[in-house]
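First up is the structure itself, then whatever we jot down about it.
The values are calculated or read from the model by the stated rules, or taken from the named source; none is laboratory data. For clarity, every value in this text was computed on a predicted model and none was experimentally measured. Cβ placement follows ideal geometry from the backbone for every residue including glycine, while neighbour counts extend to all protein chains displayed.
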Amino acid sequence: MAAVRRFVSINFLLAIAVALLFYGWLIASGLSETDPNVLRSNRVPMGAAFLSLVELALLVLYLRRRDLLGLVRVFAAILGVIGLIQTVLIPLLNQLLYGSAFPTLAHMLLWYVYGSHLFFALLGISMTRQRVPVSAGQPS
């Protein structure tokens, strides 16, 4: 079971890296589609920038998790559930109502990311050594 937990934790870090790369690509491609002549902006870069900041905050919490492992798991679970709802239900409704493409490669990539977040919330472990309290009777 320890090997599974370690794999899930390493996969969580990989999923954060994949998400940051994907959001970076969305920001770059969305900014190139913005047309300043008609004062129309693409909102995709704003959403991707926000999600990048959330992923970075989750990564910082994970790296400084000695006392915050439960908090990291809660945030990962919330992000995983909300992300899966947004990448499954909303595109499915768009497909039924407007005939848009579903599933796309982007959907499947985000399913991996958000699924990894949920698996980490359920099974992840701390990868750093925990501090062992020194008893009062033993020298340090």
### Message
So for the range 64-84 (the condition being over 18 Å from the mean Cα position of the chain (by Cα), more than 20 Å from W25 (Cβ to Cβ) and either in a helix (DSSP H, G or I) or charged (D, E, K, R) (or both)), does at least one residue qualify?
### Response
yes
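So, S116, is that one within 26 Å of L13 (Cα to Cα), modelled with pLDDT of 95 or more and among the small types (G, A, S) or not? Before the answer, list the steps.
Numbers: within 26 Å of L13 (Cα to Cα): yes; modelled with pLDDT of 95 or more: yes; among the small types (G, A, S): yes.
Spelling it out, S116 is indeed within 26 Å of L13 (Cα to Cα), modelled with pLDDT of 95 or more and among the small types (G, A, S).
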